[in-house]
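The values are calculated or read from the model by the stated rules, or taken from the named source; none is laboratory data. Fair warning: this is a prediction, and the values are worked out from it, not measured in the lab. Counting neighbours? That spans all protein chains shown, and the Cβs are built from the backbone with ideal geometry, glycine included.
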Amino acid sequence: MKILIVDDNADVRALIRVILEHRGHAVVGEAGDGAAGLKAFAELRPDVVLLDIIMPGKSGLEVLEQIRELDPAAKVIMVTAVEQDGINRRLLLLGAAGIIYKPFKEEDFDKALRAASPPREKAEPVSQTEGEALVTLAAGGLSLCMLRTSEASTWAWELCGIEVLAGRLADIPRLLDFGAASASVQVHVRESFPVTAALVFRAEDIHFISSCWVKGPLYDTASVKELEEGILIEIGNIILNALINPLINAAHKIGLPSVPMMVKGGPGAVAAALGGCVDPAADLRIVRASLAMRREGRVARAAVLALLPHHHS
């Protein structure tokens, strides 16, 4: 991989360079502040940018946002000493492809770069027996959920299709076609069953979907943005639990779901958020379902993804 390092500490840049070159990567440039980093990205177009947050002049958050404006597909991994849920969420919202925390270990770079690697040509279908078992579990929960959500809203909710693929975390962006401004609700399951799931939709559908959930539009003002996103999170939580719970029950495991969160920033941001629960190098079973939501001639599409390690399938 061709990598650009942006950090105001020359010693840190030198250490990262040694780690990367030892692993066969090419460091194509370095920058000591945000403005220089942005200029270097525009000139060099690296495969990945390793970007510090706290720097003189432009902060790493500003540079991340501006890089994503230049190239929505850019892979930017943040390298930072700041480890807070609020900051983590903002980084994902801005489209970061991963986060490495200082003081870092060499293997932290391996994991982050694997997650940011280009996907293979495609995720592969699983065996018929295994696929049918997972599809039966997932379809049963989602079908019942679609019926109940249709009754509770002014939409007609439909389960249009479901499939099971063998792949890795890096395959996720290729499986989503909701654009650079897509959004998703994320749910992770902790404890003994490492499974994670997302409901993915277009960001511009947030108002429409949330307004239909309560038997008609809420308000047509910008002041209800947080309320609409809150409703979307609740909808996502219901749908994702309908998918996750049968998988957990069939595995005879106990899993405690995390509090759902909303992520914006396209397929790369979705994959980065899902990576908080699964190993990027792990062989996964990817359950993907297609949903359609119809009302008065308008159709909104959504995708439901669940990722679980192969040995749990």
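Here are the numbers:
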| item | result |
| --- | --- |
| Entirely in segment 223-313, the strands (runs of 3 or more DSSP E) that have 1 or more residues that are β-branched (Val, Ile, Thr), buried (at least 19 other Cβ atoms within 10 Å of the Cβ) and touching a strand residue (DSSP E or B) at 6+ places or on another chain (Cβ under 9 Å) | 261-264, 284-295, 298-309 |
| Exclusive hit being farther than 12 Å from Ala302 by Cβ, free of Cβ contacts under 8 Å to residues at least 12 places away in the same chain and either surrounded by 15 or more Cβ atoms within 10 Å (Cβ to Cβ) or out of contact with any helix residue (DSSP H, G or I) (no Cβ under 9 Å at 6 or more places or on another chain) (or both), set Leu137, Leu147 | Leu147 |
| Residue match in segment 71-82 (condition: modelled with pLDDT of 80 or more, among the acidic types (Asp, Glu) and assigned by TED's automatic domain parsing to the domain that holds Ala40) | yes |
